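J.: One structure, pasted below without further comment.
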Amino acid sequence: MKSRIYIDSSVIGGYFDDEFEVATRKLFDRIIAKDFDIYFSEVNETELSLAPLRVRELIKLIPKDCYKYLELNKEAKKLAETYVAEKALGKASMNDAYHIAIASVNRLDCLVSWNFKHIVNFDKIKLFNSINLKSGYPLIDIRTPLEFLKV
């Protein structure tokens, strides 16, 4: 069974970023090889609508049979609002809260991000998981593309 991973917008942008390009492209090699089912949401679409065309078109590299779309439903909105209410994230980081909540309520295997400040952060992950458990959701595994490299 393939892992089900949610990729936030920072990973898409990382494909063309000097600092993150190598690991992101290697992750995309695995995505193109159909190693994973890739999940996106309307939050990704909103964020990427402001990105340069080459970034927006990167999604076309994901094989259609591995691409899954998730809506920001009431359940995910409520969980995201809980992250903010419990101070895991501030109101200005609501999109980040949405990404984490969407992955959590859909019980995905992993959320992949380059956002070290708000998402891939040891202390934040502990808070997200504490809130998830109190709210009846499983722990969320959050990683960077570096952790998907094959050695």
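The values are calculated or read from the model by the stated rules, or taken from the named source; none is laboratory data. Remember, it's a predicted structure, so these values are computed and weren't measured experimentally. FYI the Cβ positions are ideal-geometry reconstructions off the backbone, even for glycines, and counts take in every protein chain you see.
J.: If you take the residues of the range 79-99 that are in a helix (DSSP H, G or I) and loosely packed, with under 14 Cβ neighbours inside 10 Å, which of them is farthest from the chain's Cα centre (by Cα)?
T.: The selected residue is 85.
J.: Do any residues in the range 124-151 that are closer than 29 Å to residue 25 by Cβ have Cβ atoms under 6 Å from those of residues that are buried (at least 16 other Cβ atoms within 10 Å of the Cβ) and of a type in the set (Phe, Trp, Tyr), where the two are at least six apart or on different chains, and which pairs are they?
T.: 140/128
J.: Further, regarding this structure: Assigned to a helix (DSSP H, G or I), surrounded by 16 or more Cβ atoms within 10 Å (Cβ to Cβ) and touching a helix residue (DSSP H, G or I) at 6+ places or on another chain (Cβ under 7 Å): does that describe residue 75?
T.: No.
J.: Quick one: in the range 100-109, which of the residues that are in contact (Cβ under 8 Å) with a residue 60 or more places away in the chain and not charged (D, E, K, R) is surrounded by the fewest Cβ atoms within 10 Å (Cβ to Cβ)?
T.: In this case the residue turns out to be 106.
J.: Give the number of residues within the range 110-120 that are free of Cβ contacts under 8 Å to residues at least 60 places away in the same chain and either among the aliphatic types (A, V, I, L, M) or crowded, with 16+ Cβ neighbours inside 10 Å (or both).
T.: Count: 2.
J.: Are there any pairs, at least 6 apart or on different chains, whose C-beta atoms fall under 6 Å, with the first in the range 34-61 and under 17 Å from residue 99 (Cα atoms) and the second among the acidic types (Asp, Glu), and if so, which?
T.: 42/71
J.: Out of the residues in the range 43-70 meeting the condition of being at pLDDT 95 or above and part of a loop (DSSP other than H, G, I, E, B), tell me which one is surrounded by the fewest Cβ atoms within 10 Å (Cβ to Cβ).
T.: For the range 43-70, the residue satisfying everything is 63.
J.: Tell me which residues, restricted to the range 101-115, are of a type in the set (Ser, Thr, Tyr) and touching a Pro at 6+ places or on another chain (Cβ under 8 Å).
T.: Across the range 101-115, the qualifying residue is only 104.
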